Amino acid sequence: MSLIEIKNVDYSYNDTRKAVDGITFDIEKGSYVTIIGHNGSGKSTLAKLITGLLPVKNGSILIDGLEVNEQNISAIRKRLGIVFQNPDNQFIGSTVKDDIAFGLENKQVESADMEGIIGEYAEKVGLTEYLDYEPQNLSGGQKQRVAIAGILAMKPDIIIFDEATSMLDPKGKKEIKKLMYDLAGDDTITIISITHDIEEVLQSDDCIVLNKGKLFMHDKPQKVFADAEKLRKIDLDVPFVELVREVFAKNKIKLKAHDLEGMVAELCRYRSDH
Ligand SMILES: Nc1ncnc2c1ncn2[C@@H]1O[C@H](COP(=O)(O)OP(=O)(O)OP(=O)(O)O)[C@@H](O)[C@H]1O
Ligand SMILES: [Mg+2]
């Protein structure tokens with residue numbers, strides 16, 4: 001049994017068009033899955049269906065065998081955290097500290113432990129100086145950091161990042177990506193990351209490509225990107241390293257297959273470190 005099983009899920013906000021159209025796929029426990037696709041392809045809608053923020057009317061979503069529905073939602077929410085692409089509507093507390101504490105209180109963390117946990121996660125996202133600020137007065141990127149700290153502090157075993165670094169500057173993006181990769185390395189934690197960052201996709205175990213609400217591809221990232229023509233058909237980007245591969249092939253620059261693989265892997269590593 002897979003940890004998350006999505007079967008024939010449809011969703012329409014209105015009668016004219018399906019935002020999510022007949023989607024079926026599974027996610028294994030401990031995996032790191034990226035979801036890519038154009039604006040409006042249904043990525044956030046799918047994330048909201050998985051978290052029970054939108055009702056699954058057609059098809060079914062099971063998490064650890066438990067159907068996502070009103071009855072099971074509180075059990076599911078205990079295990080699942082989501083960071084949205086627009087952090088504006090996700091603050092409850094009057095200060096950053098309260099906001100991070102809110103999720104911990106819901107999880108019935110002892111108050112004696114709370115201060116330490118809040119400090120630890122505020123530091124991880126670079127917000128130590130902002131603990132007494134009102135979240136509403138922070139910049140978009142800082143708000144995103146608060147939302148990330150709040151979710152990580154609760155230690156959910158499934159985390160959905162919906163373009164969670166979209167408002168961060170390059171340094172912030174790198175820091176949060178590092179946090180995400182560390183979490184991804186823990187095989188008890190399952191990560192779903194909705195992203196436009198092709199280089200991030202290359203770090204994931206599986207990649208799902210959505211197009212106009214439909215599942216367009218679902219494979220290992222290297223396989224997805226190896227089919228550059230298919231991606232170009234729907235105008236999606238091809239990673240730099242694949243372009244290198246193409247240029248080598250076009251110019252008949254011959255390298256032994258494993259040298260090319262090694263170079264591509266090295267370029268990927270170098271790119272994510274610099
Ligand atoms: N609240 C809503 N009411 C009506 N239509 C909506 C609503 N939210 C999304 N949609 C529509 O559903 C479709 C899918 O939207 P969704 O937000 O899931 O896309 P997305 O893949 O997350 O895009 P992006 O990359 O821009 O975040 C779009 O056509 C969008 O206009
Ligand atoms: Mg979205």
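All of the numbers you see were taken from the coordinates with simple rules; none came from a lab. For clarity, every value in this text was computed on a predicted model and none was experimentally measured. Positions of Cβ are backbone-derived with ideal geometry, glycine not excepted, and every protein chain shown enters the neighbour counts.
Relative contact order for the stretch 4-221: what is it in percent, counting Cα pairs under 8 Å that are at least 6 residues apart?
Taking the mean separation of contacting Cα pairs over the length of the stretch 4-221, I get 30 percent.
Using each residue's phi in the stretch 161-173, evaluate 6.51 cos²θ - 1.76 cosθ + 1.60 at θ = phi - 60° and report the 3J(HN,Hα) Karplus result to the nearest Hz, with x for Gly and Pro.
Coupling constants for the stretch 161-173: 9, 9, 6, 5, 10, 4, 9, 8, 6, x, 5, x, 4 Hz.
For the chain, what is the mean residue ellipticity at 222 nm derived from helices alone (per DSSP H run of n ≥ 4: -39500 (n - 2.57); sum divided by total residues; nearest 500 deg cm²/dmol)?
Calculated mean residue ellipticity at 222 nm is -12000 deg cm²/dmol.
Farthest toward the dipole's positive end in the chain, which of Gly30, Phe225, Asn14, given Cβ charges of +1 (Lys, Arg) and -1 (Asp, Glu) about the Cα centre?
Phe225
Just to verify a number: FRET efficiency for Lys7 and Phe102, C-beta to C-beta distance, R0 = 45 Å, to 0.05?
FRET efficiency, Lys7 to Phe102: 0.85.
How many angstrom lie between the C-alpha centres of the stretch 1-48 and the stretch 53-98?
15
Using θ = phi - 60° and the Karplus form 6.51 cos²θ - 1.76 cosθ + 1.60, what ³J(HN,Hα) does each residue of the stretch 246-255 get, whole Hz, x for Gly and Pro?
Karplus-based 3J(HN,Hα) across the stretch 246-255 equals 5, 4, 4, 5, 4, 8, 6, 7, 9, 10 Hz.
Between Asp15 and Lys223, what FRET efficiency follows from the Cβ-Cβ distance if R0 is 41 Å, with the result rounded to 0.05?
So the FRET efficiency works out to roughly 0.65.
Would you please state which residues of the stretch 86-103 a label at Arg77 would reach in this model, taking the label point 7 Å out along Cα→Cβ and a backbone N cut-off of under 12 Å?
The answer is 103, whose backbone nitrogens lie closer than 12 Å to the label point.
Whole number please: convex hull volume per residue of the Cα set in the chain, in Å³?
140
Among Cys207, Val247, Leu267, whose Cα projects farthest towards the positive end of the dipole of the stretch 182-274, with charges put on the beta-carbon of Lys, Arg (+1) and Asp, Glu (-1)?
The residue sitting farthest along the positive end of the dipole is Val247.
For Glu110 paired with Ser139, estimate the spin-label separation in nm (one decimal), with each label point 7 Å from Cα along the Cα-to-Cβ line.
3.9
Roughly how many debye, to the nearest 20, is the charge dipole of the chain about its Cα centre, given +1 on each Lys and Arg Cβ, -1 on each Asp and Glu Cβ, and no other charges?
1080
Pop a pseudo-label 7 angstrom from the Cα along the beta-carbon direction at both Lys214 and Ile92 and give the gap in nm to one decimal.
Spacing of the two 7 Å Cα→Cβ label points: 4.0 nm.
Looking at Ser94, Gly81, Gln142, which one has the Cα that reaches farthest to the positive end of the dipole of the stretch 7-157 (charges on Cβ: Lys, Arg +1; Asp, Glu -1)?
Toward the positive end, the furthest listed residue is Gly81.
Springs between alpha-carbon pairs under 10 angstrom, Gaussian network model over the chain: which of Gln203, Gln142, Gln90 fluctuates most?
Gln90
Mind checking the dipole of the stretch 84-187: about its Cα centre, +1 per Lys or Arg Cβ, -1 per Asp or Glu Cβ, Debye to the nearest 20?
The dipole magnitude comes to about 420 debye.
With 10 angstrom as the radius, rank Val146, Val247, Val241, Val9 by how many other C-beta atoms surround their C-beta, starting from the fewest.
So the ranking, lowest neighbour count to highest, is Val247, Val241, Val9, Val146.
Which net charge results when you count Lys and Arg as +1 and Asp and Glu as -1 among the other residues whose beta-carbon is under 15 Å from that of Lys18?
Residues close to Lys18 contribute a combined charge of +3.
So who's got an amide H within less than 5 Å of the one on Ile82, skipping anything under 5 residues away but keeping other chains? H placed 1.01 Å off N, in plane.
For Ile82, whose amide H was placed from the backbone, the distant partners under 5 Å are Ile160.
Would you kindly state how much longer the chain becomes between Asp26 and Tyr270 on full extension, computed as 0.36 nm times their sequence separation minus their alpha carbon distance, in nm to one decimal?
84.7 nm
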